[in-house]
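Let me begin by presenting the structure, written as C-alpha cells, before commenting on it.
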Amino acid sequence: MGRKLDPTNKVKRGPGRKARKQKGAETELAKFIPDEDTEPKRLSSRARKRAAKRTQSSKKPQDVTETQPKKGFTDENSKWLKPAKRKRKLGEPESEDDSDDEHWEEDEDEEEEEQLQPKKGRKEQKNKDAKLEVKKDEDDDDDDDDDDEDMVDDYGTLDDGSGDEDAEEESDGEDLLPIERAAKKDKKQKDVLPTESDDDDDEEEEEEDDDDDEEGEKSDADMDEEGTVQANIDEEETFKLPGAEEGIIPLDLKTIHQRIKDNIDVLCNFSSKREEGKARADYMSLLKQDLCTYYSYNDFLIEKLIDLFPLSELVDFLEANEIPRPVTIRTNTLKTRRRDLAQALINRGVNLDPLGKWSKVGLVIYDSSVPIGATPEYLAGHYMLQGASSFLPVMALSPQEGELVLDMSSAPGGKTTYIAQLMRNTGVIVANDANADRLKSVVGNIHRLGVTNTVVSNYDGRQFPKVMGGFDRVLLDAPCSGTGVIAKDPAVKTSKDEADINRSAHLQKELILSAIDSVNADSPSGGYLVYCTCSITVEENEWVVDYALKKRNVKLVPTGLDFGKEGFTRFRERRFHPSLKLTRRFYPHSHNMDGFFVAKLKKFSNVIPAAPTQKVPVCMNAPEAAVATDPPEKKPSESLKTKKTVPQQAGGLKQMSKANGTAVKKATNIQQKGKKDPSIGPKKAKIAKLDGAAAKGGNAKKPAAEKTDEIQASKAGKNKGSPFEKKKPKQRKTHMKAKKRMGKNKFRKLTNMLKKCEKK
Amino acid sequence: MRPLTEEETKTMFEKLSKYIGENIKLLVDRPDGSYCFRLHNDRVYYMSEKILKLATNISRDKLVSVGTCFGKFTKTGKFRLHITALDFLAPYAKFKVWVKPGAEQSFLYGNHLLKSGLGRITENTNQYQGVVVYSMADVPLGFGVAAKSTQECRRVDPMSIVVFHQADVGEFIRSEDTLT
C-alpha cells in the first residue's frame, strides 16, 4: 500500500498534482490579499475622519500601492497612467474601480490636512511625499510581482505629488525614484524611434498641466482609452526593437506574455493591425521566440506546434499543457459496477463524478482524502487509474467476446485490461511489450484486475507476424514522442527534435505494417486494427496511417467515437488519402484529455501487395532517385538530350536540369557526330516527335518519355553496336566526376552551350 | 512451460487444499472448458486449454505470463501461494475471516491480524487452518493461517494475533516485481 499514487509509473512524471495546486492557491491568494487589505480602509468613513485629524499618517501610501496592481499596466505604458490622476479630482464615490476611490479619498484627506494646517503648507507636503516614496519602496519588496509594482510605484508617486502641483514639480526635479529614472531612460530609448508614442507623451504632459480643467478630464478619459488601445500598438513597436537592437533580452515573463497576446492579436487581424513595412515573418519569428521563452519549449517543437494549430488555439494548447489533466479511473466491470465503486470511494472521502456521456465505466476524481492509487478497492482490483484518452482506442477497437486480440505495446496494461473487461474474460488476449521491465506492471495489473485470458509476451512488435498471426483485432499503441502528454512529462518540451520525431515515425511505420500483417482479414467478426499514439505530430499519425494505406490492403473505417477532431487530409506540403478524415485527434485544450490520435483500419485482404519497383522514379519527392536512374538511359539517345533538357529547365526542377546538364554537354558533342552520320536522320525525326509529346506532358509524363528514350537507346545501341557499349562505363565515370564538381558557373556555361546548339 | 510432475502436483494440491479443501476439484473440472496447471520459470500458471495452445507459439524466454499465476516452487521444492491466486481461492474458500474497517489498512500493509481487528470468523476454524481474509464489505484482501481456533479467539486479549499474514493484495504494489 502506500505512497505510489499509480502503480503504472505515471506519477513519476512531472511535478506532482499537489505542487501545482499550491501554486494555484498562491496566485489566488495574491488576488485576494490586496482586496482584504484595502476593503476596511475604503469602507470605514470614520477612519477617513480620523485620518483627517491625523497629522502624518503613513498608511495611505500603502493603499495606493496595493490598489494599483489591479490596473495591470506594464512598464511600457507608464506614460498612459498619468492621465488617471484626474479621477482624483472627480471624486466620484460610485466609481467602480477601487483605485479611483482611493485616489479620491486620499485627495480629500490631503485637502483636509491642508485646511487644518495651512501654515505648515507646502514644505510639509513635500516632506510627506518624500516619505511616501520611501515607504512605497519598502512595500515593493513585499509584493509578489515586481513589474507591476514598479510601474505602480511610478504611478503612485505622480498621484501623490500632483495633489500639489508645486510639490510634484519639485519632487520631479530633486529626488527621482529609481523607477522614475528607469522610466526616463525608457523614454529616451523610445525617442530613438520616430513614433506616435512621443506625441502621446507630449499630450499627456499637457494634460497634466491642465489638471483642473473639466474638459481636460473628459479628454483625459478619452486618452485613457486611447492609451490602452495604443498600448497594443506601442507594444508592437517596442517588441520590434529587440530584433533590431538585440539588447533588451532580459524581459520579465509578464511582459513577454503581454507581447505574445498582442502579437497574436495582430497576426489574427493582420491586414488591419499590422505595422507598415513589417512582414508577417517578422511577427512570427518574434512570436516563436517569445513562446519558446515563456513556455520553455525548444524551437523545433514550437515550430511544429505553430504548423499544427491556428494561432488562436496555439496559446490555449500551450496553456493546457501547463495544467495537469484530471485524474480519471476506470471501473473494472469484471469485479464491480461503477455505481458500487463510486459509492465505496465516496465513503472513503473521494470527490468524484462520472467521466462523461461517452464512457460508462469512467470516473473523474476531483479530490481525495486518501491516496487514490492505494485504497483497498484499488488493491482489490475494482478500478484502474487510467487517463481518459486511453479509453478511446479500446472503445474504437470494440473487441467482441471470444476473439483473439493482440495488444502490441501493452505496458502498463491499462488498455489490455480494458479489452479483457469488454470481452468479459473470454477469448484470448496477447499482451506484448518490448520492454521486460514494464511488463511487470502489466502482469501486476492483469492479476489485480482478475483478468485470466491473457498471454504476456516480450517480443519486439516488429517480429510479431512471425511469432503468431491470425488475430481478429490488433491494438497498436505505438511508442511515440509524447507531444500530446506534455502536461504529464514536461521534459518533452525541450528534449525532442526532428531526429526523434523521424525515428519514432520510422518505428511506427514498421510496427503498423507488422500489426497489419498480424491481423486476419478473413476473421468473421473482426479484421480490425486500431492505431493510436499519444503524440499530436502529423509525422507520427496521419503520415504513418497514410503509409500503411499505401503499403497494405487496408482501409480506414469510422472509429465509432462521436467526438474529437478529424484527422488531417492535407498538411502543409503533404497530401494524404481523403479517408484520413475518419481518424480522430484529441487535444488537451479542447477535450481536457491528453493529446491523442486514434485511427481504425480494416484489413480487407490478406495478400500483401508487391512493392511496385518501377514506380520509384515517378515519385515527385524523390528527385535524387530519378537522377540516379536517368543518366545511363540518357546517354545513348543523342539528339533527345538537347531537346529534353529544355522543358525540364522550364519546369524549374533545378536538380534535374543540373544532372542533365552534364549529359547535355556530352550530348552536344555527340550530336555533332550524329549530324555527320546520315543513318540517324529519320530516326531523329521520330525521336523528336516522341519528345514533343513528352514535353507537352510536362514533368508528370517524363518517366514515360524516358521509357521511350530507353527503347530508342536500345535501338541506337543495336545500330551502333559494340563500340558504343564499350564507351558506356567511361562516360558514367566522367559524369559522376562532373556532377560532383559542377558549380553555378559551369551550369550557366552549359546552358549557354545548349542554346547555341539549338540555334544551329 | 511444462506440465507439473507428480510430486509437484501433490505439493501444490496439498497447499491449495489447506484453503479450499475438496473444492479443488472445481478448479480442474470446470463446466466452461478444461483448465490446467503449467509450470514456467518455477511458477505455476493456471489457464484454459485454449490459451495454452496459443501460448505455445511463444518461445520460452519471451513468455512472461500465461493465464493466472498461482504461486511458485521454492528452491527447496516447497510451494508458495502468491496473492495472484486469490481470485480462485476466495470463491471456494472454506474458512473465512472478516476484518474490521479500522484494521484493513494494517493487514494490507503486511501485518498479522490482531484480535482487535477481527470482525467475524468462520465457526469451527481450527488452529493453523488456512483462511481467506475479507473486508467487512466482502472484498477479499488476502489469505493467511489461523493462529488460534475459533474457540480460543473468543477468550484471548485484544492484542494477540489471530491470523498469521501470508499474502495480501497490498503486494500488488509492494512487490510487483516479484509476482512473476
Enumeration of residues in the stretch B:3-25 that are among the basic types (K, R) and open to solvent by 60 Å² or more (accessible area, probe 1.4 Å): B:K10, B:K18, B:K25
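Per-residue answers, yes or no, for (1) closer than 30 Å to A:Q508 by Cα; (2) crowded, with 17+ Cβ neighbours inside 10 Å; (3) modelled with pLDDT of 95 or more; (4) not polar (S, T, N, Q):
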| site | (1), (2), (3), (4) |
| --- | --- |
| A:Y378 | no, yes, no, yes |
| A:S389 | yes, yes, no, no |
| A:D407 | yes, yes, no, yes |
| A:S410 | yes, yes, no, no |
| A:T416 | yes, yes, no, no |
| A:Q421 | yes, yes, no, no |
| A:N425 | yes, no, no, no |
| A:A436 | yes, no, no, yes |
| A:V442 | yes, yes, no, yes |
Only one of A:A374, A:A344 that is farther than 28 Å from A:L561 by Cβ, within 14 Å of another protein chain (Cβ to nearest Cβ) and open to solvent by less than 10 Å² (accessible area, probe 1.4 Å): A:A374
Residue within the stretch A:487-510 that is touching a strand residue (DSSP E or B) at 6+ places or on another chain (Cβ under 8 Å), surrounded by 16 or more Cβ atoms within 10 Å (Cβ to Cβ) and within 22 Å of A:P399 (Cα to Cα) present: no
Residue list for the stretch A:473-528, restricted to those being among the small types (G, A, S), closer than 21 Å to A:V430 by Cα and out of contact with any helix residue (DSSP H, G or I) (no Cβ under 6 Å at 6 or more places or on another chain): A:A515, A:A521, A:S523, A:S525, A:G526, A:G527
For A:C480: the one exception among (1) in contact with a strand residue (DSSP E or B) (Cβ under 9 Å, 6 or more places away or on another chain); (2) open to solvent by less than 10 Å² (accessible area, probe 1.4 Å): (2)
Out of A:P479, A:P399, sole residue that is over 17 Å from A:G526 (Cβ atoms) and part of a loop (DSSP other than H, G, I, E, B): A:P479
Selection count where residues are outside any loop (DSSP other than H, G, I, E, B) and of a type in the set (A, V, I, L, M, F, W, C), scope the stretch A:528-543: 4
Residue under evaluation A:K360, criteria (1) assigned to a strand (DSSP E or B); (2) touching a strand residue (DSSP E or B) at 6+ places or on another chain (Cβ under 7 Å), criterion not met: (2)
Test for A:L449: is it modelled with pLDDT of 90 or more, more than 9 Å from chain B (Cβ to nearest Cβ) and farther than 28 Å from A:D522 by Cβ: yes
Selected residue (criterion: farthest from the other protein chains (Cβ to nearest Cβ)) from residues of the stretch A:459-473 that are buried (at least 19 other Cβ atoms within 10 Å of the Cβ) and outside any helix (DSSP H, G or I): A:R473
Whichever residue in the stretch B:133-180 is of a type in the set (A, V, I, L, M) and open to solvent by 40 Å² or more (accessible area, probe 1.4 Å) and, among such residues, is farthest from the other protein chains (Cβ to nearest Cβ): B:M159
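A quick yes/no check of all residues on (1) out of contact with any helix residue (DSSP H, G or I) (no Cβ under 6 Å at 6 or more places or on another chain); (2) among the aliphatic types (A, V, I, L, M):
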{"residue": "B:T74", "(1), (2)": "yes, no"}
{"residue": "B:R80", "(1), (2)": "yes, no"}
{"residue": "B:Y92", "(1), (2)": "no, no"}
{"residue": "B:V97", "(1), (2)": "yes, yes"}
{"residue": "B:Y109", "(1), (2)": "yes, no"}
{"residue": "B:H112", "(1), (2)": "yes, no"}
{"residue": "B:Q127", "(1), (2)": "yes, no"}
{"residue": "B:G130", "(1), (2)": "no, no"}
Matching residues, the stretch A:423-446, being in contact with a Gly (Cβ under 9 Å, 6 or more places away or on another chain), under 21 Å from A:S525 (Cβ atoms) and either more than 9 Å from chain B (Cβ to nearest Cβ) or assigned to a loop (DSSP other than H, G, I, E, B) (or both): A:M423, A:N425, A:T426, A:G427
Members of the stretch A:322-355 found to be within 30 Å of A:N263 (Cα to Cα) and touching a helix residue (DSSP H, G or I) at 6+ places or on another chain (Cβ under 6 Å), listed by number: A:P324
Per-region count, the stretch B:50-89, residues within 22 Å of the chain's Cα centre (by Cα) and more than 10 Å from every other protein chain (Cβ to nearest Cβ): 13
Tabulated pairs, the stretch A:488-506, first without any contact (Cβ under 8 Å) to a residue 40 or more places away in the chain and in the same structural domain as A:V545 (by the TED database), second open to solvent by less than 50 Å² (accessible area, probe 1.4 Å) and among the polar types (S, T, N, Q), C-beta under 6 angstrom, 6+ apart or interchain: A:D500/A:S481; A:S504/A:S481
Qualifying residue in the stretch B:119-132 (condition: touching a Pro at 6+ places or on another chain (Cβ under 9 Å), surrounded by fewer than 20 Cβ atoms within 10 Å (Cβ to Cβ), away from chain A (no Cβ under 13 Å) and under 22 Å from A:E377 (Cβ atoms)): yes
Qualifying residue in the stretch A:574-588 (condition: part of a loop (DSSP other than H, G, I, E, B) and either within 22 Å of A:A388 (Cβ to Cβ) or β-branched (V, I, T) (or both)): yes
Among the residues listed as B:M12, B:M47, B:M1, the single one being at pLDDT 90 or above, farther than 24 Å from B:V145 by Cβ and not β-branched (V, I, T): B:M47
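The values are calculated or read from the model by the stated rules, or taken from the named source; none is laboratory data. Everything numeric here is computed off the predicted structure, so don't read it as measured data. We place every Cβ from the backbone using ideal geometry, glycine too, and count neighbours over all the protein chains shown. Remember, those area values only see protein heavy atoms, side chains included, never the ligands or the DNA or RNA. Shrake-Rupley method; radii C 1.70, N 1.55, O 1.52, S 1.80 Å.
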